[in-house]
Structures are given as C-alpha cells and as structure tokens.
Amino acid sequence: MTEGLMNRYANANQADPVVWYTDRDCCKSRGEKSKYQVLFHRWEKLRVRLDCWHFMRRLSTVCSNESHPLYGTFMKKISAAIFEWEPTDVEALRKAKRNELLLTGIKNPSPETVNRAVKKTELARHCRRRTRRKEKTIQSIESVLLSLRNSTDCLGVPLFRDGAMDVWNVEKIHVECIQDPEDVQLYTKVGDLLKGGTAANDIHFQAFLLDGIDRLNFSRASAAIDAPASRLRSFDSKLRNKIHRLTNDVLGKPLNSNYRTPAVHTDELFGVEYLYTEEGMKINLSSEDVDEEIEKGMTDEEICDTQDQSEVQSLDPELEFACDSFTEPAALYEADSESDHDEEDVQQATDFRGIEGWDKLDQLASALLEPEGLCLKKTQSENIV
C-alpha cells in the first residue's frame, strides 16, 4: 500500500510530502527514524509530527473525568495556550470591521466595539490560527495546570486526579513536535473578500448605470400620464415585455394598457462604454458576461450574509472555544502593543456600539442593587442621587 501511494505521487508529478501528522511514534532521538519514515522511505524529507488534537487528548487524561463541570474550561484554556490567531489576519479583519461600523454611522468605534462586532463565523473563515512558540506554550500550559490544581466542583470532586503534573512532565517533550513547520503552508488561500467598503469594476458600473437609466425612464413615463397604477411591480424590462406579449396572446389584451415596448437600440454609447471609446479601449458587454461578472461580484458577500446563522451551529467545538476566547478581556488586545491603558479608559465609558456615558449607567445600577431590605438609609439615598 505504501509503495502504491508513493507511486501515485510520482506518476502525478506531485512533490513529495514533507510533514506527516500522527498520534504516535513521532519524537525520536537523533539518528533514529520513525516507522512512518521507514515505510515511506522514498520521501527523504518527510518529518513526523504529533497532531495537536491528540496532544490535547493526552493532556485531558489529567482530569478526573470528562463530565466534570470544569473540564470544558480546562480544555478551552489548553487550546488557548497552544494556539493563537495570526496577528496580520486579525488586524485586517479588525480594520474591515471598523470600516463597516463607520458606514453604519458609529463614529470612532473603540477597539472593544470592533471586537464585539466580529462574528464567530467571520473570525473562523478569514483568520488563520498558528501554534505559539515552544517556550510560550510550555509556560502557558504550566500556568493553566497550576491555576486549576486545587479546583473542585460544588460537591468537592477535584478537577485533576493524582499525578497530573507527572502526566505533563511526560508529554512536555512533544511541545516542540506540535509546532507549525515554518517552511510548510498549512492553509490554502481560496480568494479575496473586501469588507467595510464598496468596490465596482467597469462592467459593474456600466450594468448598474444602464439599469438605473431604464428604471428612471419607466418611472417618469408612468408619472407623465394620468392612468391607474399598474399591478405589476417590477423594474425588469425583460419580464415586463414578456408579460405584455403573453397577456396579449392569451387574454387578447395587455395587462397594462399604458405599457410601451422598448425602442430599438440606436447604438448610442453610454457611461463607461462611451469613455472607453474616447480612449480607444473596448469593454465586453455581452449579456452572458455581464450576468456572470455581477454574479461573481455578489457571491462572496451573499455567502457571508446567508451562512452566518447556519455556520454558528456547525463550528467545531474546539474552534468554538477559540472564537469565544477572542472576546475575552485577556485575549482582546493580545496582538496590540500600544496604548493599552488609554484604550481601557475609553472602553469603560462606552457600550458595544461606542455610545459614551454608559459607565455612569453602570454606577447607577450598582447603587440601586446594593441596598438590602425594604427601605433606604439616608446615606444610601444621597449616594444614589
């Protein structure tokens, strides 16, 4: 089977694989080969790595049982200790989301407002994740284990079983093994998507311009005569003309007696087509190409709008944890390096839409909820006022 697989790669003129992810037989001493490297001996550059999911499953054995109330919290923190969002991708998404908020009328949205506006599906779709550095990963996992070592549920059942740190000391050697190879592209770029702005090429502009002219002429023609309004509510000239012909053939009279068939095209140039002609250029405006270009330009945004609700339920649980951690205070500005304190001051005075003054509302709510009993003391009433 292995010989056949290697032959298939060779016959297809594909490059030899350089990374093999597995659940065992990964870390070998210098000079010793993994059994996978022996099986696929013709792939000389093959490196065997431990899959991160299996590494996390090994660490989960430190828990007393998977039904413990804190088990999910522990695995969530382990995932955050191993993975981080690609800073460049996150920054690009934040910038796009900020532009979207500006278009909705929110002036100068705070960083917290921008992060709250990012949906889980957008984060999972547009941003890559990568492993942290070896030293950072070890430090973070040890911090998680130490912070939860004395944790119990409401009945006093501990989260960790005896010997939890021994398990970690054994698995620690694999931290280097789970690091993403720097010379291997683990993600495939499938396209570009512009968010938070508008974009139109020459074909889009020309198509919408001609459609606008047709709608204007139709509206002006209907308003110029004193006649009952048509029951057909459509600006589609092809549809109106087709209905006009069909009603004449079937009913013997038109549905709209005031309808006039479109005039014959006089080869007059409009808009972009006119400008291109003046510059000695040509624009391809065949009907099929226009429909295809418009459909192609609309697809990405339509997918974002229609899939947001359905994909929320289909996210992988581990990825769901990573998306949740993006909105936690400790993770919000992990990639930011400047003005942390200034930003926190701004966030305290705004709500999720960037409206200022909500810190005062929080103070009032706290003052109203603080008193106990059926009456207020004089000092408490003065404090509320």
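The values are calculated or read from the model by the stated rules, or taken from the named source; none is laboratory data. Nothing here was measured: the structure is a model prediction, and the numbers come from that model. Glycine also receives a Cβ, built like all others from the backbone with ideal geometry; neighbour counts cover every protein chain displayed.
Residues in the stretch 262-281 that are outside any helix (DSSP H, G or I) and loosely packed, with under 10 Cβ neighbours inside 10 Å: 263, 264, 265, 266, 267, 268, 279, 280. Residue 59 fails exactly one of the following numbered conditions: (1) outside any loop (DSSP other than H, G, I, E, B); (2) without any contact (Cβ under 8 Å) to a residue 60 or more places away in the chain; (3) surrounded by 16 or more Cβ atoms within 10 Å (Cβ to Cβ). What is the number of that condition? Only one criterion in (1) outside any loop (DSSP other than H, G, I, E, B); (2) without any contact (Cβ under 8 Å) to a residue 60 or more places away in the chain; (3) surrounded by 16 or more Cβ atoms within 10 Å (Cβ to Cβ) is unmet by residue 59, namely (2). For the stretch 14-59, a tally of residues being under 15 Å from residue 173 (Cβ atoms) and of a type in the set (A, V, I, L, M) returns 3. Reported count of residues in the stretch 225-260, each being closer than 18 Å to residue 211 by Cβ and either modelled with pLDDT under 75 or assigned to a loop (DSSP other than H, G, I, E, B) (or both), is 6. Only one of the numbered conditions (1) assigned to a helix (DSSP H, G or I); (2) modelled with pLDDT of 90 or more is not met by residue 178, and that is (1).
Scanning for something of a type outside the set (S, T, N, Q), under 13 Å from the mean Cα position of the chain (by Cα) and either within 30 Å of residue 161 (Cα to Cα) or not in a helix (DSSP H, G or I) (or both), does the stretch 77-85 turn up at least one residue? So that I can check it myself, show each step before the final result.
Of all residues in the stretch 77-85, those of a type outside the set (S, T, N, Q) come to 77-78, 80-85.
Those still in the list that are under 13 Å from the mean Cα position of the chain (by Cα) too: 85.
If we keep only those that are either within 30 Å of residue 161 (Cα to Cα) or not in a helix (DSSP H, G or I) (or both) too, we end up with 85.
Looking through the stretch 77-85, at least one residue is of a type outside the set (S, T, N, Q), under 13 Å from the mean Cα position of the chain (by Cα) and either within 30 Å of residue 161 (Cα to Cα) or not in a helix (DSSP H, G or I) (or both).
Looking across 120, 107, one residue alone is of a type in the set (D, E, K, R) and touching a Cys at 6+ places or on another chain (Cβ under 7 Å). It is 120. In the stretch 139-182, what residues are acidic (Asp, Glu), more than 22 Å from residue 72 (Cβ to Cβ) and touching a residue at least 12 places away in the same chain (Cβ under 8 Å)? Correct list: 176, 180. Scanning the stretch 86-124 for residues that are of a type in the set (Lys, Arg), in contact with a helix residue (DSSP H, G or I) (Cβ under 7 Å, 6 or more places away or on another chain) and part of a helix (DSSP H, G or I) gives 94, 97, 98, 120. Here the condition is being buried (at least 17 other Cβ atoms within 10 Å of the Cβ), of a type in the set (S, T, N, Q), over 16 Å from the mean Cα position of the chain (by Cα) and more than 17 Å from residue 187 (Cβ to Cβ); of 151, 110, 143, it holds for 110 alone.
Scanning the stretch 125-136 turns up one or more residues that are more than 18 Å from residue 70 (Cα to Cα), over 26 Å from the mean Cα position of the chain (by Cα), in a helix (DSSP H, G or I) and touching a residue at least 12 places away in the same chain (Cβ under 8 Å). The numbered conditions (1) among the hydroxyl-bearing types (Ser, Thr, Tyr); (2) more than 24 Å from residue 177 (Cβ to Cβ); (3) surrounded by 15 or more Cβ atoms within 10 Å (Cβ to Cβ) are all true for residue 88 except (3).
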